[in-house]
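The values are calculated or read from the model by the stated rules, or taken from the named source; none is laboratory data. Worth saying up front: this structure is predicted, and the values here are computed from it rather than measured. All Cβ positions, glycine included, derive from the backbone under ideal geometry; neighbour counts span all protein chains shown.
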Amino acid sequence: MIYLEVILICFALQTLAWIWQLKTNNADIVDLTWSVGIVICSMYYFLNQSPEYSPSYWMLIFPGLWYLRLSIHLLLRYDINHEDRRYTYLRRYWNKKAHFNFFWFFMAQALLIFIFSLPAYWLTVAQWSFNHLSIMALLLGIISLIGVTLADKQLLSFKIKNSGTKNVCDEGLWRYSRHPNYFFEWTHWFVYPILLYQTEYFLWSLIYPILMLIFLLKLTGIPYSEQQSILNRGDNYREYQNRTNKFFLWKPKTN
């Protein structure tokens, strides 16, 4: 029953987001509601399923705190008067059917909210206890949280200092990976298999690092980001590609 309730929450949230984009002609809200949706679903699972005392309190940190941070980050970037190029392209491509097609796009995102919030539910119902694996998961999660926060901060600082130029951010973590923010987003998904080891949900939880890696490397993450970077920065970014690893943190190549 709770699955149905959460699915309805997800679809209601993205329907409201779709109505908002109708009024603003800006579909960027779908990214923000995706992140906020996981936080809302996680809290709903926690408030409705957790016993009086349970390690499920950990899910307030992962994914609760994790996606709360991302939600704040996306909210600060949200500009009602400037739509991301991905959605501007789709709006032009779909033309008169844009609002109709965006509706189904938003509904697909609602389904993804439900899918990616499931580990939070599993943490509230699985029979697991605090042990050395819990410490390992916590350390991995903290490192990932610090890493993604630092990567976002370094990129923002670079953009402010180099506004109006075609310079490429190769400072800090960006010296060792072209997408350190995506890398730490991926590593955080290993928290759940570690916590759910020796539970009935362990094998299911292993799907998420694989699924997120596919999304980042092949679908919505790196391919579009790199395409836009080449368009905006040209040869500067191509040189950056030649010397810097795409995803995993590693020392840059030297000529």
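Tabulated data for the structure shown
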read-out	value
Evaluation of R85 against (1) surrounded by 15 or more Cβ atoms within 10 Å (Cβ to Cβ); (2) over 30 Å from L196 (Cβ atoms); (3) in contact (Cβ under 8 Å) with a residue 24 or more places away in the chain (one fails), failing number	(1)
Pairs where the first residue, in region 233-255, is in the same structural domain as Y182 (by TED's automatic domain parsing) and within 17 Å of N181 (Cα to Cα) and the second is among the small types (G, A, S) and not in a loop (DSSP other than H, G, I, E, B), C-beta under 9 Å, 6+ apart	Y240/S229; Q241/S229; L249/G147
Matching residues in region 208-251 - criterion: being assigned to a helix (DSSP H, G or I) and of a type in the set (D, E, K, R)	K218, E226, R233, D235, R238, E239, R243
Selection count where residues are more than 16 Å from the chain's Cα centre (by Cα) and small (G, A, S), scope region 56-101	2
Check on S177, polar (S, T, N, Q) and surrounded by 17 or more Cβ atoms within 10 Å (Cβ to Cβ)	yes
Test: residue in region 189-210 that is farther than 20 Å from D28 by Cα, touching a Gly at 6+ places or on another chain (Cβ under 8 Å) and either surrounded by 20 or more Cβ atoms within 10 Å (Cβ to Cβ) or not assigned by TED's automatic domain parsing to the domain that holds A108 (or both)	yes
Residue count, region 216-255 (criterion: surrounded by fewer than 12 Cβ atoms within 10 Å (Cβ to Cβ), more than 23 Å from the chain's Cα centre (by Cα) and of a type in the set (K, R))	2
